[in-house]
Each structure stands twice: as structure tokens, then as C-alpha cells.
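Here is the structure we will look at, set down as C-alpha cells.
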Amino acid sequence: MDIDIIELSDTKARFVLNDVEPAIANGLRRVILAEVPTMAIDYVNIYDNTSVLFDEQIALRMGLIPLITDLESYVLPEDCDCGGEGCTRCQLSLNLSAEGSKIIYSGDLLSSDPKVTVADEKIPIIDLRERQTLVLEAVAKLGIGRKHAKWQAGVGCGYKNMPVITIKEDCDSCGRCVDECPRNVLVINNDKLEVTDPLKCNLCKLCMGICDIDAINVIEKPNSYIFNIETDGSYPAKELVIQGADTIILKAGQLKEILSEIE
Amino acid sequence: MKLKVIDKTDTEVRIEIVDESHTLLNSLKTLLLSDPRVELATYHIEHPTITEPILFVKTKDVDPIVAIKEASDKLVEVFEEFKNLFNDKASM
């Protein structure tokens, strides 16, 4: 196994994963998309709502606000000692109290835990007019993306095969493949066809189709994948990938433990 | 996670794995098949929301439960290796 990191920022990761089975790469993709626990608002007590939106619509908007997740202080409600009833180990509350006229943003939510706050303070919730008020208490819990998209930490996670582009000696540099390529991967430099950035290639093979003399060839490199991961802000991208791996390790460990009991 | 053993003989086992999906089972199946003592390993999800996946393993010369345990060890190893490698490269 080998990893080359191409780009790594707080919200995005892009890396090449070499020499792994397709099933392992897909396992990693699936776990990041749907199984890494994150914090999201799950229950909303609305004390006063004289805005133009129904309570349910506001509750949905609250649910979709990404919250910075702290897995050390919180556990999933189903794994909690309280049995999911709700305690300080498995939930926290966020309060909002606002009066018009102004736009209410996610940053106006006051969290009871300074470690768990909104990931982005500039998400508009509602535009309140004069004399309209909104007072509510929101309860946030940990959950997984398989249950609801609001608990999805990796909002964009996918991979493609690593392209290998080979140009044969008999290429006459006619330049038709350069015009045909939608990703501008090819370029003619000093009367010679060259590949600028093979990672940009999306393996559409239009260049192969347009070439009369079959001088260009594009293939997928086996067991090599370019991963693209984007987070909603609940974890930094690096943390999300590591949490993804940890989640699978935990699952495999649990399976082994239960099997040992059966034997 | 909960397991329900549906059938078990010396060389075959059929287990229902409650609350799991392709995420774990597809990787596990691939690793089971890389074991030369495993003759057949597959799983089936009849319906993605109303039924639970069923894993079927057929082996020779080894208890199928042992083979699954070894495969889950291998899965842990693979992801530990990935995690450490990613952590090293990301910290550089």
C-alpha cells in the first residue's frame, strides 16, 4: 500500500491510494460517506415562532447546520449508559433567541459546550421582519449518515481509477485530440504531443476515438485510485479520513469479539 | 452489531449480521476469498432497508468461524496500515 497526498486542507483532501483491492477502497469511501459519527441537531423545542416559516421547516434547517464534532466527550445515544434517554454524555443544547428585523445566521446559535459549535457561522436560517421573534432550544446528538444526511461528515467522497496515458512514437501531432479533450489534459509543445496533468483525465477516451492512427492510449491503472474527499466542516479532512479507518477497525474488532463468544 | 447463526456445520456457516452493510461485508468477503482454505465466501442483502445481510462461508480443513475471525484481523491490519501511512504523509 502506498499513499501520495496531492492536496490537504481543512475541508478537502485529495490523495492517490496505490496497491489496494477495489473492495478496500470502496469500503473506505462508504465508511466516510455514511458511517463516521457526527454531531447534528436532532430535536428542537420551539418556544416562540412568529416568523413566516412553519416550526417544522425551521427545525429541518437547524438539523442541516454542520456542527464541529468532539468524539472524545460524546458517545452515540445507543451506546450511552443512559440508554438513549439523553444525558450530558450523549447530547448538548444550543439556544437561539432573536427578534427582527434582521437575518438570523447559524452563528447566532449559542452552544452550551464551547467545543461543539457551528462549523460555519454564515449559514442563513431565516429573515425576520419587524416584531417577528424566534425563540428555540435545539438538542444535538451524535449519529451516522446512514440514518440521516444531516449526520454525514463526508459530503463529497469518491474515487476514480488512476489514468495512464501513453503516446506512441508514430503520433503525427495533428492536434485533434487536444481539441477533443474536455479536461485539457493534452497539449502540443514544440510539435510534440504531451500530457500536462494525468490526474485531471476523467478516462472518457475521446482522444482515443478521434485518433485515426491509434497513437494515443488511455488505460486505468489497476488497484490505484484518486480519492477526493470534502467535509461539511464537522471534522478537518485529515481527521475524517482517520476516523473513517477507525470506524472500520472498530467494526472488524466487534465482529471478531462476537464470533469468539459464539465459538 | 449482533450476529445470528442460521446454519453451521464443520465446513459451512451462514450468519446474519444485524445492522451492517456492504461497507464491512464487501471488504470482509474479499479478504476471506484471499485465504486459500476458503472455498466460497459471499453475502446477500435481500432488501437494503428491511432485511439484514447474510454472510455465507464454505471452507476446507478449517472451521469457517475461525476463517472469518482471521479475515477480520486482516481487515484491521489493512486499515491500521492505511491509517498510519495516511497520518505520516499528512503530517509531513
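The values are calculated or read from the model by the stated rules, or taken from the named source; none is laboratory data. If you're wondering where the values come from, they're calculated on a predicted model, not measured in any experiment. With ideal geometry, Cβ positions are generated from the backbone for all residues, glycine too; neighbour counts draw on all protein chains shown. Quick note on the areas: whole protein, heavy atoms, side chains included, nothing else; ligands and nucleic acids left out. Shrake-Rupley method; radii C 1.70, N 1.55, O 1.52, S 1.80 Å.
Can you name the residue in segment A:1-55 that is open to solvent by 10 Å² or more (accessible area, probe 1.4 Å) and among the aromatic types (Phe, Trp, Tyr) and, of all such residues, is farthest from the other protein chains (Cβ to nearest Cβ)? Ranking the qualifying residues of segment A:1-55, first place goes to A:TYR47.
Within segment B:9-24, restricting attention to residues that are more than 9 Å from every other protein chain (Cβ to nearest Cβ) and closer than 19 Å to A:ILE144 by Cβ, the residue that is most open to solvent (accessible area, probe 1.4 Å) is B:ASP19. Can you confirm whether A:GLY86 is open to solvent by less than 60 Å² (accessible area, probe 1.4 Å) and at positive phi? Yes: the conditions hold for A:GLY86. Contact map, segment B:72-91: residues that are more than 7 Å from chain A (Cβ to nearest Cβ) paired with residues that are in a helix (DSSP H, G or I) and open to solvent by less than 40 Å² (accessible area, probe 1.4 Å), Cβ distance under 6 Å, separation 6+ or inter-chain. Pairs shown: B:LYS74/B:LEU31. Taken over segment A:56-80, the criterion of being within 14 Å of A:LEU96 (Cα to Cα) and either in contact with a Cys (Cβ under 9 Å, 6 or more places away or on another chain) or open to solvent by 30 Å² or more (accessible area, probe 1.4 Å) (or both) is satisfied by A:ALA59, A:ARG61.
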